[in-house]
Amino acid sequence: MGRARKGTWKRSGDHFLVYVTLPQSAVPGVKERRLPGIVVPKGINGRPPTDADLDKLAKLYTDRPDLALARLAEEGRLPDWVPIELVPRDALLRGAAANPTAASAAGSLLETVESYADRWLAWRNKHGNGSLSSYTSGLKVHALRVKVDGGTIGEKPLAALTRDDVKRVAAYFRNEVAADRLAENTASRYFSYFRTMLTAASDEDGDPELYVRPDNPALGVKGPPTPKRQTRACFYPEEFLRFVACEAISIRTRRLVTLAVYLMCRLSEFARLRCEDIDLAHERITISRSYDRKRKREKAPKNGRGRSFTLEPNVIPLLRVMIDDAGGSGLICPINVYKVSDAFRMYLDRAGLTRPDLRQRTRMHIPLTMHGLRATGATWAARSGRYGPIELRRILGHQKQETTDVYFDEAQLMGRNVGEVFPPLPASLLNRSGKRASGG
């Protein structure tokens, strides 16, 4: 039988240090298992500690390493090699509050959820992930401010975060929806950001910089209710023709709106669409790049995949004119697509389009926006009967078929007497001079 462990101690200046070595079974694979010295003041109960007192304390910490780890956590001196599960959660909380430097140190056992969120968002930014402002808002403005244990989620050490804490965050988002302070889609999306962050923190096979705990407290926690599908406004063909024939709107804006409907591309893809991407001889288009507005740089299309598809016949004359105007190469849209998007409601006014569905936003309905013109094209495509669900999914670049299938439902809701979808374009759009009408 081996000799019983009892710990050691020594004097250090005006105090004493008690040393404990963790058993090998607690930290397999770690050679140096000796913890930093635990400080014992020179006075205990009003008198200097005796050798017997120190021997007893060393034995106590050896028999109860959780107490030793709790003391070190509270002092902000936990070594990084100590497994998180050995440290009492309440000690981590006290340690983070008492040691702000350790609480903000990357990878520290005391690193708070807020500090980790900053690192995770920076990591996403570094790797070119999109929707950074939305992720930041969902976490910083909402999830991390949820009250818990006399503080907030953001102030807790990530290692001390529990399943109950995650449930409180989910309950917060449910309450925000019930009080009409957040839309269902927004609440569901924000909670998914929080859950995704915790998945990264517990993914042993992911980026080692992000892996900080062995378990995922969000696993199996029910989030806010699944959002009810909102209806989305789209142009009727006759409304579209009124818009693109309106000479109070610049011809470049009208052409951009036309392409947004007929090509069914995202705004970020239009911002980098080049003449060379259009194969007029074979009536095909290739989407192979997009624009990151926040970082002001070119990137791959959403989902990282390019796509090619056949052009609608009635848009080909316009594309031919625009390619000629551009000199046959370079960007095909000589206009800032985002400025057009910001002013889109004003353009609806100029065209005299006042149908309530185009303008009113409710919990169940999204008004027409520049981004929504892609949805107009997708709904028209579904309505036309010329596109099957799988083909339309490929054209739109969706990951999931159910995302595309929504447009087949929307097509059935357009009613009767819709008119010809993707109609022939007015001659005014094909003016080769590119001369603008008055207006923006």
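Computed from the coordinates by the stated procedures, all read-outs in this text should not be read as laboratory data. All figures in this text were calculated on a predicted structure; none of them were measured in a lab. We place every Cβ from the backbone using ideal geometry, glycine too, and count neighbours over all the protein chains shown.
Listed by chain and number, the lysines placed with their C-alpha closer than 18 angstrom to that of residue 339 are 294, 296; residues fewer than eight positions away on the same chain are left out. Note on residue 85 and residue 405: the extension gain reaches 110.6 nm, defined as 0.36 nm multiplied by sequence separation minus the Cα-Cα distance. Rounded to the nearest Hz, the phi-derived 3J(HN,Hα) couplings of the stretch 287-304 under the Karplus curve 6.51 cos²θ - 1.76 cosθ + 1.60 (θ = phi - 60°) are 9, 10, 7, 8, 10, 8, 5, 5, 8, 6, 8, 6, 8, 6, x, 4, 6, x, where x marks glycine and proline. For the chain, the convex hull spanned by the alpha carbon atoms encloses 197 Å³ per residue. Legend: helices of the chain (whole DSSP H runs) are marked when their alpha-carbon atoms reach 24 angstrom or more along the helix axis and their mean Kyte-Doolittle hydropathy is at least -1.0; marked are 184-201. Pull out a ≥ b ≥ c, the square roots of the eigenvalues of the alpha-carbon gyration tensor of the stretch 113-201, then state rounded if a/c is under 1.5, prolate if not and a/b is larger than b/c, and oblate in the remaining case. Since a/c reaches 1.5 but b/c is at least a/b, the shape of the stretch 113-201 is classed as oblate. Figure legend: label point modelled 7 angstrom from the Cα of residue 361 along Cα→Cβ; residues of the stretch 167-209 with amide N under 19 Å from it are 176-191. Each Lys and Arg adds +1 at its Cβ and each Asp and Glu adds -1 at its Cβ; summed about the Cα centre, the chain shows a dipole of about 480 debye.
Report the GluC sites (Glu not before Pro) located in the stretch 238-271 that are in a DSSP loop and have at most 14 other Cβ atoms inside 10 Å of their Cβ, or state none. Let's see the in-between values first.
On the way: sites: 238, 239, 247, 269; in loops: 247.
Answer in residue order: 247.
If only the Cβ of Lys and Arg carry +1 and only the Cβ of Asp and Glu carry -1, the dipole of the stretch 308-440 around its Cα centre is close to 320 debye. Restricting the trypsin sites (Lys or Arg not before Pro) of the stretch 198-294 to loop positions (DSSP other than H, G, I, E, B) with no more than 16 neighbouring Cβ atoms within 10 Å leaves 222, 228, 229, 293, 294.
Given an 8 Å cut-off on Cα distances and at least 6 residues of separation, report the relative contact order of the chain as a percent. Don't jump to the answer; show the numbers that get you there.
Working: 659 pairs, mean separation 53.3, N = 440.
Once normalised by length, the contact order is 12 percent.
For the stretch 163-235 versus the stretch 87-159, the inter-centroid distance based on Cα atoms is 15 Å.
Considering all different alpha carbon pairs of the stretch 231-430, the Kirkwood hydrodynamic radius works out to 17.2 Å. For the stretch 180-275, applying the loop criterion from DSSP together with a ceiling of 16 other beta carbons within 10 Å to the chymotrypsin sites (Phe, Trp or Tyr not before Pro) yields 211. The three principal axes of the Cα atoms in the stretch 8-82 give end-to-end lengths of 41, 23, 18 Å, sorted in falling order. Please work out the FRET efficiency for the pair residue 343 and residue 131, using the Cβ-Cβ distance as r and a Förster radius of 30 Å; give the result to the nearest 0.05. According to the calculation, E is roughly 0.85. Spin-label pair residue 331-residue 51: with each label point 7 Å from Cα along the Cα-Cβ axis, the two points sit 8.3 nm from one another.
Given axes a ≥ b ≥ c from the Cα gyration tensor, I'd like to know whether the stretch 179-301 is rounded (a/c under 1.5), prolate (a/b larger than b/c) or oblate. Taking the square roots of the gyration eigenvalues as a ≥ b ≥ c, the stretch 179-301 is oblate.
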